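The structure appears below as structure tokens.
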Amino acid sequence: MGNNAAMDAGLGFYIFFFALTIIIATVVYALMTGTIKPKKKDESESSMNSALMRTVKKFAGLKGFEVLGKTTLSFGGEEFTFDAILLGFFGTIAIKANYAGGEVYGSYKDENWCTVDASGKKTYFKSPVTELNGSMRFFKDLYAAEKAKCGMADSFIVFAGKKTKVFADKRCEVYTMDNLYEKLTGEKYAKDNGADINAMKAALAKYTVK
């Protein structure tokens, strides 16, 4: 009787081992053939911001320009937060990141824009263009107060998701990671406007919210 029990236990072990082997082999085959695809993690805001900064620093490194990371500035009763500020002989570029994914739709006059994900779900959010209203004048006034030679001031939105597609009219200063570097290397920022990089950096430091 003891031998029968031992045989039953051994047989049960082999059946379990055989079934487990089949399951593992099936999963491995499915992964290799694409029948089952591992779930990809969504991009985090941190990883998107890092990619944005790499692109900006790549451009700045070619010219010896200065790059500031996320900065909040307060001056003249106004406050702006930017995810990257680029200082060069042309002047200042202030970039605000937006982390919306999927397809983004909006126009210059729209109060709200929307994203559409892969399932067709729409999500509405405040127009990113309005976040920058007055920002170029803000920089000009700040630099003037500190008597810093500033050249030009420019600001725009960058949708930082790798796969984000933006459908907006040309008046909207919005870009994606696909065309940001092209924007930075255009003729507009190749012109020497006599801006003093160190003076601008010192002026911004004075009004940076700690």
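Computed from the coordinates by the stated procedures, all read-outs in this text should not be read as laboratory data. In this text, all values refer to a predicted model and were calculated from it rather than measured experimentally. Cβ coordinates were reconstructed from backbone atoms using ideal geometry, including for glycine residues, and neighbour counts include every protein chain displayed.
Entry remark, the stretch 106-117: residues being surrounded by 13 or more Cβ atoms within 10 Å (Cβ to Cβ) and under 19 Å from Lys162 (Cβ atoms) number 2 in total. In summary, strands (runs of 3 or more DSSP E) completely within the stretch 54-162 and bearing 2 or more residues that are in contact (Cβ under 8 Å) with a residue 12 or more places away in the chain and aliphatic (A, V, I, L, M) occur at 66-68, 84-88, 91-98, 152-159. Taking the criterion of being in contact with a strand residue (DSSP E or B) (Cβ under 8 Å, 6 or more places away or on another chain) and among the aliphatic types (A, V, I, L, M), the residues of the stretch 180-210 that qualify are Leu180, Leu184, Ala195, Ile197, Met200, Leu204, Val209.
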